[in-house]
Amino acid sequence: MSTLITNIGELVTNDAGSNDAGTGRPDTAPSADLLGIRTGAALVIEDGTVAWIGDAATAPAADERHDVGGRAVTPGFVDSHSHLVFAGDRGAEFAARMAGESYAAGGIRTTVAATRAASDDQLTAGVAHQVAQMRRQGTTCVEIKSGYGLSVDDEARALRIARGFTAETTFLGAHVVPPEYAADPAGYVDLVTGPMLVAAAPYARWIDAFCERGAFDVDQARAVLAAGAAAGLRGRLHANQLGAGGGVLLACELGLAAVDHCTFLTDADVAALASSGTVATLLPGVEFSTRQPYPDARRLLDAGVRVALASDCNPGSCYTSSLPFCIALAVREMGMTPSEALHAATAGGAAALDRHDVGRLVPGARADLVVLDAPSHLHLAYRPGMPLVRAVYRAGVPL
C-alpha cells in the first residue's frame, strides 16, 4: 500500500547534509539550509517508510492520495528524555514552588512510594495515557526511563512496561538513593550495578544516572555507567541541572550519546561538548516548572555543540509532554531561532538516541510526520499554546 501526501505548503525534511543541531546560523541565513525546506513538494509513503520526495507535479501514482491543503509538514518529534512509568501526583509540590520554595531532587522519593504501590495494570494504563497525549502533539518516537521503582523488582517491572511502548528504554536505577539505603549509598550503588542491572538489562537499551547534588556524585555515576556498558547498555546522563559539577565532563570523557539538562556550564564543559560529539539535550519545560535559569542554547549552538530538545515529562519537575511547547520556550527563553528549535526537537532528538531512521523525512526513513494547521514551521513558536498539530503519521499510519 502506497500513500501520496500532496498539496504541502512547506515540507521540512532535515535533509541538509548533517543531523547536527548546532550550526550557529540565525534564521537570516535561510532556515532551508538547516531544515532542508522544500516548497511545491510531495512525498510517497510505502511499507511504513518514505519512498519518494520530489516536486508535486512529478509525483508517481499511489494507492491513496492525502491532500493536506497547503499546510506545513515536518518530521515527527523525537522526545529523547521522558519519565512516564509512575503513579501519584505532585501538584502540591508544584504549588509550593510557585509560592517560593526551591526545587530539590528529594521529591522523587514521593513518586517512588506511589509507584511501588501501584499495580502493573495501573502503571501500564498511565504510560498508555501519556504516550497517547504525546502522539496527539506530534511526538512519534519517545525514550522512556525507569527510576521510580528503585528496587530490583520495581525497576525491572518499569522497564518491562516501558518496552511495550518503545524500543528506547533507559535503566535509571541511579535516580536517587531510596529511603531504605539512606545510610548506605555505597550499598545502593552496589545494588544498582549488580542485581538490579542484571534484572533490568533485558528490557533496556540505555543506562542513565542522575549526577547531581542530592543524587549521585561523579565517581558513583562513573561506576554505574561502566557497569551498564559492560552489560551492553549505551550510556546517557542527567547532569548540571541544579549547579555546576563534573557530570558534563564525565559524559564527554566517556563518549556518551547524550548528556541532559546542561543548565549550568563552564567554558570547559562547552568546549568538551563541542569536541566530543555528545549531544546536549536541553529540557526547557523543567526550567518553566521549577523557576530555575534556562540553559543558554545560543552559547552551545555558537560553539558548534549538537543540541536536542526533549520534554523530560515527569510528575515532579516537569509535567508536560508537549514538544511544541518546548520549542516555543526554547525560542523565547534560550536564544534559539524557530528553525534551530524544530531541528533540535526532531533531528537533534534522533541524534541523542543514535537513530538515523527518525527525525527527518528522506527516502528510506521511517514515515513519521506531522501536518501542522499552519503554512510554516514558524508558527510552532509564533503561536505558542495553540493546537497546531492537525495530523500525525507514524510509520506511515495516520494516528
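Every residue, every condition in (1) without any contact (Cβ under 8 Å) to a residue 60 or more places away in the chain; (2) at positive phi; (3) not hydroxyl-bearing (Ser, Thr, Tyr), yes or no:
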{"position": "ALA182", "(1), (2), (3)": "yes, no, yes"}
{"position": "PRO185", "(1), (2), (3)": "yes, no, yes"}
{"position": "VAL192", "(1), (2), (3)": "yes, no, yes"}
{"position": "TYR203", "(1), (2), (3)": "yes, no, no"}
{"position": "TRP206", "(1), (2), (3)": "no, no, yes"}
{"position": "PHE210", "(1), (2), (3)": "no, no, yes"}
{"position": "ALA244", "(1), (2), (3)": "yes, no, yes"}
{"position": "ALA257", "(1), (2), (3)": "no, no, yes"}
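The one condition from (1) over 30 Å from SER2 (Cβ atoms); (2) of a type in the set (Gly, Ala, Ser); (3) surrounded by 18 or more Cβ atoms within 10 Å (Cβ to Cβ) that GLY76 does not meet is (1). The residues of segment 278-312 that are aliphatic (A, V, I, L, M) and part of a strand (DSSP E or B), listed by number, are VAL279, ALA280, LEU282, VAL307, ALA308, LEU309. Within segment 302-327, being among the aliphatic types (A, V, I, L, M) and open to solvent by 10 Å² or more (accessible area, probe 1.4 Å) holds for one residue alone: ALA303.
For segment 184-240, the set of residues classified as of a type in the set (A, V, I, L, M, F, W, C), open to solvent by 60 Å² or more (accessible area, probe 1.4 Å) and under 21 Å from GLY164 (Cα atoms) consists of VAL198 only. Number of residues in segment 313-340 that are closer than 24 Å to HIS379 by Cβ and either part of a helix (DSSP H, G or I) or under 14 Å from the mean Cα position of the chain (by Cα) (or both): the value is 19.
Every residue, every condition in (1) open to solvent by less than 10 Å² (accessible area, probe 1.4 Å); (2) over 30 Å from GLY91 (Cα atoms), yes or no:
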| site | (1), (2) |
| --- | --- |
| LEU300 | yes, yes |
| ALA341 | yes, no |
| LEU353 | yes, yes |
| HIS356 | no, yes |
| ALA367 | yes, yes |
| ASP373 | no, yes |
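Listed by position, the strands (runs of 3 or more DSSP E) contained in segment 63-154 that have at least 1 residues being among the aliphatic types (A, V, I, L, M) are 72-75, 77-79, 139-142.
The values are calculated or read from the model by the stated rules, or taken from the named source; none is laboratory data. Remember, it's a predicted structure, so these values are computed and weren't measured experimentally. We place every Cβ from the backbone using ideal geometry, glycine too, and count neighbours over all the protein chains shown. These accessible areas exclude ligands, DNA and RNA; they are computed on the full protein's heavy atoms, side chains included. Shrake-Rupley method; radii C 1.70, N 1.55, O 1.52, S 1.80 Å.
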